[in-house]
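Structure first, commentary second.
The values are calculated or read from the model by the stated rules, or taken from the named source; none is laboratory data. Given the structure is predicted, the values throughout are model-derived calculations rather than measurements. Cβ placement follows ideal geometry from the backbone for every residue including glycine, while neighbour counts extend to all protein chains displayed.
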Amino acid sequence: MKRWLAAYAVAFYAFLHLPLLTLALFSFNSSRFTRWEGLSLTWYAAIFRDPQILEGAWNSIVIALWATALATVLGTLCAYGLWKRNSRTLTGALYLSLVTPEIVTGVSLLALFQFAFRWLHWQLGLYTVVIAHVAFSLAYVVIVVSARLRTVSPALEEAAMDLGATPLQAFWYVTLPALAPGILAAALLALTVSFDDYVITSMVAGVDSETLPMVIYAMARRGASPVINAISALITVVFGALILISERVRKT
Amino acid sequence: MKLRTSFLLPAWLWLALLFLAPFAIVLAYSFLTRVYVGVAPPWTAESYQRLFDPLYLVILARSFAIALAATALCLVFAFPAALFISRAARFKTLYLQLVMLPFWTSFLVRTYAWIFLLRDTGLVNTVLQALGLIHAPLPLLYNDGAVLLGLVYGYLPFMVLPIYATLERLDPSLVEAAADLGARPLATLFRVVVPLARPGIVAGSILVFIPCLGAYLTPDLLGGGRTVLVGNLVQNQFTTARDWPFGAAVSIALMLIVTLLLIAFLRRESEPLA
C-alpha cells in the first residue's frame, strides 16, 4: 500500500501544482496562442504598458497597506483582550465573519455604505474598500495572533507587575515583543487576503478605485490572455515568497 | 478604564458597525418592498415567499448538490494525500507546505489557471489536438463540470489539513494491533483509520462545504454565467436585477444555513479559535 500511496501523492501534487506551473511557463511564450514558439518577455513588458493594470496594481497596494496596518493593530489588541478573558460573543462573531459567504459580506457592506450615504454626502471609493477589507481581515489577524498568545505564559506579565510595571507597560515591554513573530505573520496574511480579494471589493469599490483583481477578473471573463498569465506568475511569486517568509517567522 | 476593556473597544466597534449593522440593514431590506432605486415600506415577507418559487428552489438545490459533490470529491482526493503525509518518514513539513503554497497564492489566479487550461484554444485541447486524439476542441469550460473542478481545486487544502491533523495524532499501535489480529491493509484502513479520522473528516467537510455553498467567483468565471448558484443569485439581485429585498432575503437564508452548520460543528469541537 505504501507504493500506491507514494504514486498517488505524485499525482496529487501534480494536480495541485501543474496548473500554476504551466500557467507561468506560458507567460514566457512569444506566441499569444497556446502553442510554444519561443522564450520571450513580451507579455511582461505589456503589463507595464497597460495603464489600467498599473492603476489597478497601485490601488491594490495602497488599499492593502492601509487595510493591513489597521487590521493588524486592531486585531492584535483584540486578541490580547480576548487572551486576558475570552468573550464568547466576540469570538463567535469573528468565527461567523470568517465563514460568511464573501458575496453576502460584499452586499451587506454595500447596503451599509449606501445607508450611511443617505446622511453623509460621500461616495464609494478607495476608503470604502479599505473599511471593507479591515472588516473581513480582522478575524484572520485575531486567529493568528491568538495562536501565538497561547504559547505566552501569563506568569511573565505577573512577574513584571510584581516588579512594579503598570498593566500597559507589562503589555508593551513583555508580551508584545514575544508576540512580534505572530503579529508579522498575521500582517502578511492580512496583506495577501486584502490584495487578492475580488468578490467583496467589486461590490464596494467606486469608479476610481478599481483594484488589480478587478482588472484581472474583467480580462479573464473575456477569455485567457498571456498578459494575465504574466500578471498571475508575478503575483504568485511575490505572494508565495511573502507567505514562506511569514511561515518561517511564525515558527521562530 | 481597564486595559482589557480599552483594547477590546475597537473589536466591539467592529462588531457593532461592521458586523451587526450591515446584517441588521440587510435583514430590514429583506422585509421591505422593492422600488425603482432601493427599498421602501410597506413591510412584507413577500421576498421570503418568493424563495419557495420553484425557479429559486432549483438554484438552491443545485448549489447544495454542487457543494456536496465538491466536498465528496475533496474528501476522496484529500484522504490518501493526508495519509501519505502523515506516514512520510521525512519531509513532512515540506509536503504540508506544498499543499498550502497554492492555497496561499491568489484564489483568482488559481481559478484563472483553469480558464487557461480548459478553454477551446486552451492547453488541454491544444495538446489533445496535436496528439490527434480529437479533431474539434472539447467543450471543457463554461459548464457545471468546470465549476466543480474549480471548487475542488480551490478548497482541497481545507480538507487535507484537518484530516492530516487527526491522522497525525492517531496511535500507530492501533494500526499494528489490527494487522496483528489479521486485518488486511485495506480492512485496517476502512475499519480502523477512517473511523478514527472522523473528527478531521467532519471538520474538513464543513470547511469545504460552507465556502462552496456560497461560492460566487468560481461559478461566475468557470461557469461563464451559465451556472447560476445561490451566490450568483445574490450578486445579480443587488446589481443587474436591482431587487434588493429579494437579494437580502437570499443572503439571510444563506447566512442562516451557514450559521446552523457552524453551530452544529462547534458543538463537536468546542476549542475556541483553534
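Looking only at region B:182-205, how many residues end up being within 25 Å of B:Phe265 (Cβ to Cβ), touching a helix residue (DSSP H, G or I) at 6+ places or on another chain (Cβ under 7 Å) and either aromatic (Phe, Trp, Tyr) or within 12 Å of chain A (Cβ to nearest Cβ) (or both)?
The qualifying residues number 1.
Residues that are more than 26 Å from A:Asp197 (Cα to Cα) and either at pLDDT below 90 or among the hydrophobic types (A, V, I, L, M, F, W, C) (or both): which helices (runs of 4 or more DSSP H) entirely in region B:10-124 hold 1 or more of them?
Ranges flagged: B:21-30, B:46-50, B:54-87, B:92-104.
Taking only region A:125-148 into account, find how many residues are farther than 30 Å from A:Ala205 by Cβ and more than 10 Å from every other protein chain (Cβ to nearest Cβ).
1
Inside region A:123-146, can you point out the residues that are surrounded by fewer than 23 Cβ atoms within 10 Å (Cβ to Cβ), farther than 22 Å from B:Trp12 by Cβ and aliphatic (A, V, I, L, M)?
Listed by number, the residues that qualify are A:Leu124, A:Leu126.
Does region A:212-252 hold any residues that are farther than 23 Å from B:Thr218 by Cα, surrounded by 15 or more Cβ atoms within 10 Å (Cβ to Cβ) and more than 10 Å from every other protein chain (Cβ to nearest Cβ), and which are they?
A:Val249, A:Arg250
In region B:128-153, which residues are within 11 Å of chain A (Cβ to nearest Cβ) and surrounded by 18 or more Cβ atoms within 10 Å (Cβ to Cβ)?
B:Leu141, B:Tyr142, B:Leu149, B:Gly150, B:Val152, B:Tyr153
Within region A:198-212, identify whether any single residue is in contact with a helix residue (DSSP H, G or I) (Cβ under 6 Å, 6 or more places away or on another chain), farther than 24 Å from B:Gly154 by Cβ and hydroxyl-bearing (Ser, Thr, Tyr), and answer yes or no.
yes
Would you confirm, using the coordinates I've provided, whether B:Gly224 is facing chain A (nearest Cβ under 10 Å), at positive phi and out of contact with any strand residue (DSSP E or B) (no Cβ under 8 Å at 6 or more places or on another chain)?
So B:Gly224 fits the description; yes.
Against the definition (closer than 30 Å to A:Gly240 by Cα and surrounded by fewer than 18 Cβ atoms within 10 Å (Cβ to Cβ)), how does A:Leu176 come out, yes or no?
yes
For region B:178-225, give me the residue count where each residue is under 27 Å from B:Val109 (Cβ atoms) and at pLDDT below 85.
So the answer is 2.
Which of (1) crowded, with 17+ Cβ neighbours inside 10 Å; (2) in contact with a Ser or Thr (Cβ under 8 Å, 6 or more places away or on another chain) does B:Ala165 not meet, given it meets every other one?
Failing condition for B:Ala165: (2).
Are there any pairs, at least 6 apart or on different chains, whose C-beta atoms fall under 8 Å, with the first in region B:114-127 and more than 7 Å from chain A (Cβ to nearest Cβ) and buried (at least 21 other Cβ atoms within 10 Å of the Cβ) and the second assigned to a helix (DSSP H, G or I) and of a type outside the set (A, V, I, L, M), and if so, which?
Cβ pairs passing all conditions: B:Leu118/B:Asn125.
Can you go through A:Leu188, A:Leu168 and tell me which one is touching a Leu at 6+ places or on another chain (Cβ under 7 Å), of a type outside the set (Ser, Thr, Tyr), surrounded by fewer than 18 Cβ atoms within 10 Å (Cβ to Cβ) and within 13 Å of chain B (Cβ to nearest Cβ)?
Among A:Leu188, A:Leu168, only A:Leu168 is touching a Leu at 6+ places or on another chain (Cβ under 7 Å), of a type outside the set (Ser, Thr, Tyr), surrounded by fewer than 18 Cβ atoms within 10 Å (Cβ to Cβ) and within 13 Å of chain B (Cβ to nearest Cβ).
Among the candidates A:Thr128, A:Thr72, single out the residue that is in contact with a Phe, Trp or Tyr (Cβ under 8 Å, 6 or more places away or on another chain), in contact (Cβ under 8 Å) with a residue 24 or more places away in the chain and either under 26 Å from A:Val238 (Cβ atoms) or not in a helix (DSSP H, G or I) (or both).
A:Thr128
Which condition number does B:Ala241 fail, the rest of (1) in a helix (DSSP H, G or I); (2) within 19 Å of B:Phe52 (Cα to Cα) being met?
Result: B:Ala241 fails condition (1) only.
Scan region A:67-74 and tell me whether some residue there is within 30 Å of B:Ile252 (Cβ to Cβ), surrounded by 21 or more Cβ atoms within 10 Å (Cβ to Cβ), of a type in the set (Val, Ile, Thr) and more than 8 Å from chain B (Cβ to nearest Cβ).
For region A:67-74, residues within 30 Å of B:Ile252 (Cβ to Cβ), surrounded by 21 or more Cβ atoms within 10 Å (Cβ to Cβ), of a type in the set (Val, Ile, Thr) and more than 8 Å from chain B (Cβ to nearest Cβ): absent.
Taking the options A:Arg49, A:Arg32, name whichever one is over 30 Å from A:Ala205 (Cα atoms) and of a type in the set (Lys, Arg).
Result of the check over A:Arg49, A:Arg32: A:Arg32.
Regarding region A:204-211, can at least one residue be identified that is within 9 Å of chain B (Cβ to nearest Cβ) and at pLDDT 90 or above?
Within region A:204-211 (the criterion being within 9 Å of chain B (Cβ to nearest Cβ) and at pLDDT 90 or above), the answer is no, since none of the residues qualifies.
Could you list, in sequence order, the residues of region A:5-28 that are within 23 Å of the chain's Cα centre (by Cα) and either more than 9 Å from chain B (Cβ to nearest Cβ) or among the basic types (Lys, Arg) (or both)?
Result: A:Leu21, A:Ala24.
Among the residues of region A:75-94, count how many are facing chain B (nearest Cβ under 7 Å) and assigned to a helix (DSSP H, G or I).
Matching residues across region A:75-94 total 8.
Residue-by-condition table, conditions (1) farther than 15 Å from B:Val109 by Cβ; (2) of a type outside the set (S, T, N, Q); (3) exposed (fewer than 13 other Cβ atoms within 10 Å of the Cβ):
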| position | (1), (2), (3) |
| --- | --- |
| A:Leu16 | no, yes, no |
| A:Leu21 | no, yes, no |
| A:Thr42 | yes, no, no |
| A:Phe48 | yes, yes, yes |
| A:Gln52 | yes, no, no |
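Considering region A:96-124 alone, what residues qualify as being among the hydroxyl-bearing types (Ser, Thr, Tyr) and at the interface with chain B (Cβ under 7 Å from one of its Cβ atoms)?
Of everything in region A:96-124, those that are among the hydroxyl-bearing types (Ser, Thr, Tyr) and at the interface with chain B (Cβ under 7 Å from one of its Cβ atoms) turn out to be A:Ser97, A:Thr100, A:Ser108.
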